[in-house]
Each structure stands twice: as C-alpha cells, then as structure tokens.
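The values are calculated or read from the model by the stated rules, or taken from the named source; none is laboratory data. Keep in mind it's a predicted model, so treat the numbers as computed, not measured. Reconstructed Cβ throughout: ideal geometry from the backbone, glycine too, with neighbour counts over all protein chains shown. These accessible areas exclude ligands, DNA and RNA; they are computed on the full protein's heavy atoms, side chains included. Shrake-Rupley method; radii C 1.70, N 1.55, O 1.52, S 1.80 Å.
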Amino acid sequence: RFFCIDCGRSYNEELPALSTPENAFTLALSSVEGKRGDTVTVTVSAENNPGFAYMLLTLSYDAEVLSLMDAEAVGSALTLGRVGNAISLDAAQNYTENGTLLTLTFRIAEDAEEGDCAVALTVSQCFNEDTATIAAQSTEGKVSVSATLYGDVNGDGAVDGKDVIALRQYLVGNGEVE
C-alpha cells in the first residue's frame, strides 16, 4: 500500500520493481591493448537486454590517441547507422539477444603516449517495438597503449635470439613478423 503525495490518494497495488545495477540493461565496452600504429577492436556487449527496436548512441574517446576506422553491428537482425560519433542500431522487431552487439575498430596514433584511453558510449535514446522508452546504461572501456619495443620482432616483449630466428625465417619466406 502506498500514498501519492501529488493527488492525495491511497493505492493498494504493488509497486513495480525498480531497476538495480544487477538487472539493469547495460552496454558493456571491452578493454583492449595495442601499440602505436596498431588497429584494435573494442566490443560492445548487451547484458540483461529486455528487447529494443531502436537505440541512439554517442561515442566518445580521445581523438588525439584513437581514430575510429569502422563500426559494425553483429548479426543480421540489427542495422547500423553512423554519422560522426553518433551510432544508431535498429531492428524490425525487438532485439533481445545478450552478448556482442557492436564492434568498434580503432587505429592507435603513431605518436600516442603510453597509457589508457577511455572509450565510452552514452545512450541518448532507446525504444522497444511499441515505442516505449527502455532505460539503458553503459560501462566504459579502454584502449591501453603500450610502448613499442624496437627489435622485438616476434612481439613477445623481449629483444633476444628468438627475434633473430623470427627475422631470418621471415626473410626466407617461412614466417611472419609483428
């Protein structure tokens, strides 16, 4: 039983359950690592998806460190639209899948400083197929930029004899280098 302070009436109905962080519709961005000049992919996953037919997102990141090369919806049920840092996802009916919704491919600047660069999405609009507003939140991801270790041909984080072997194999056409 509850009392409405606006109209002064009493109600016997049960109050609807409020969304809590444990069951809220969340878009979770992954965290990845790369070196200067690398291309990296951040995934955007849906958790506790109640079903949406349209979502408008605003992407934010440090453009001095990262350049967005591509944004791609995962699966054939979603259509992606993109203008600048605005991304829309829409479907003919409620899309209810949890898991990866979207991949964001970035290139790390050649002159990027070592450290973390935040990648975030703001949910501007989210509606179901009946045009009801869906509450959604997002968690921030990051791209960790690591220093390039010159001479580390095989990419194992050390410069040693293994790099000489990898380079020789590459030069004779029997291997790849990082």
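Tabulated values for the structure
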quantity: Among 120-129, 150-159, the order from most to least packed when residues are scored by Cβ within 10 Å on average; calculated: 120-129, 150-159
quantity: Which label in [x] 45, 39, 32; [y] 56, 43, 29; [z] 83, 32, 26 gives the computed Cα extents along the principal axes in Å; calculated: [z]
quantity: Over the chain, relative contact order from alpha-carbon pairs under 8 Å, at least 6 apart, %; calculated: 26
quantity: Accessible-area composition of the chain, carbon plus sulfur, in percent [1.4 Å probe]; calculated: 48
quantity: Given charges at Cβ of Lys, Arg, Asp, Glu: the chain dipole, positive-most of 138, 41, 127; calculated: 127
quantity: Antiparallel content of DSSP bridges confined to the chain, in %, to 5; calculated: 85
quantity: Rounded accessible area per residue of the chain, 1.4 Å, Å²; calculated: 61
quantity: Local net charge near residue 145, Cβ-Cβ under 9 Å (Lys/Arg +1, Asp/Glu -1); calculated: -3
quantity: The chain: calculated mean residue ellipticity at 222 nm from DSSP helix runs of at least 4, using -39500 (n - 2.57); calculated: -2000 deg cm²/dmol
quantity: Summed residue charge, Cβ within 13 Å of residue 54's Cβ, Lys/Arg positive, Asp/Glu negative; calculated: -3
quantity: Choice from 92, 71, 112 with maximal GNM fluctuation in the chain (Cα, 10 Å cutoff); calculated: 92
